[in-house]
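Note sheet for the following structure.
The values are calculated or read from the model by the stated rules, or taken from the named source; none is laboratory data. Keep in mind that this is a model prediction, so the values were computed, not measured. With ideal geometry, Cβ positions are generated from the backbone for all residues, glycine too; neighbour counts draw on all protein chains shown. Note: areas computed on protein heavy atoms with side chains; ligands, DNA, RNA excluded. Shrake-Rupley method; radii C 1.70, N 1.55, O 1.52, S 1.80 Å.
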Amino acid sequence: MDAFGYLSVLLSIIIGLAIAQVLQGYRALLLARGRIRADPAPLIWSGLVLLFAAQAWWASFGLNARHDWDFADFVVILLQMGLLYMLSALILPDVPAEEPVDLARHFERHRKAFFVFLIAMLVSSVVKEAVLEHRLTSPLNLGFHVLLALIAVGGIMARARKIQLALALSATAGFLAYVALLFARL
């Protein structure tokens, strides 16, 4: 096994855990659907976390040609994947047996931490490119990172559900544009 294959195993496990966390949250919500007070913002963000995971896995394939790995390279990638997992762990609630679940209340309780982890993940993504490529990211890539970070800052500051919904929809549109422009092909 080459270095990339060896290192990618742990990263794939973390990405898989993040995806599983969100999918298990959907399953729990589905099974308790009669007790759920739905809110679109955390549901949209949860879908976006799945897209973040898919994009992280997709983009990591570009590292397969890399042969000169050191511990700092690995740690910066591992950090980004760990932050992605934390997003997935916070976005949907654990569903207790026979108790009502309010998605808006859960989101409000954890939104600041969620958005701080999102900002940290975005920063780690930019740092990752600087560490791995020994250069700053492209202006377009940096622009999308800044856009999502500003949306996250808005998410930290705003409590209103309508604003949270607008932020989730804006982040989704921005992230889909990001993927279409920068990561449509391997």
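Values as computed for the structure displayed
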{"quantity": "Cα-based equivalent ellipsoid of region 40-143: semi-axis lengths in Å, sorted from largest, via gyration tensor", "calculated": "32, 14, 12"}
{"quantity": "Zone of L142's modelled label, taken as backbone nitrogen in region 53-78 under 14 Å from a point 7 Å along Cα→Cβ", "calculated": "none"}
{"quantity": "Relative contact order [Cα under 8 Å, 6+ residues apart], the chain, whole percent", "calculated": "28"}
{"quantity": "Accessible area (Å², 1.4 Å probe, nearest 10) - W58", "calculated": "90"}
{"quantity": "Cβ crowding within 10 Å averaged over residues, with 16-27, 118-129 ranked highest first", "calculated": "118-129, 16-27"}
{"quantity": "Solvent-accessible surface ranking, highest first, for F71, F61, F107 at 1.4 angstrom", "calculated": "F71, F61, F107"}
{"quantity": "Per-residue [θ]222 nm for the chain (sum of -39500 (n - 2.57) over DSSP H runs n ≥ 4, rounded to 500)", "calculated": "-27000 deg cm²/dmol"}
{"quantity": "Among (i) 0.93; (ii) 0.99; (iii) 0.96, the entry that matches Rg/Rh (Cα atoms, Kirkwood Rh) as calculated here", "calculated": "(ii)"}
{"quantity": "Compactness of region 127-166 as Cα Rg over 2.2 N^0.38 Å, two decimals", "calculated": "1.57"}
{"quantity": "Candidate residues F114, F74: accessible-area rank, largest first, probe 1.4 Å", "calculated": "F74, F114"}
{"quantity": "Accessible area expressed per residue, the chain, with surrounding protein chains retained (probe 1.4 Å, Å²)", "calculated": "54"}
{"quantity": "Carbon + sulfur, % of accessible area of the chain - ligands and nucleic acids excluded, 1.4 Å", "calculated": "69"}
{"quantity": "Area of H145 that stays accessible when all protein chains are in place (1.4 Å probe, Å², to 10)", "calculated": "10"}
{"quantity": "Inter-label distance, nm, simple model (7 Å from Cα along the C-beta direction), D102/R161", "calculated": "1.0"}
{"quantity": "Electrostatic dipole magnitude of region 77-127 [Cβ: Lys, Arg +1; Asp, Glu -1; Cα centre; debye, to 20]", "calculated": "300"}
{"quantity": "Euclidean distance between Cα centres, region 113-135 to region 44-73, Å", "calculated": "12"}
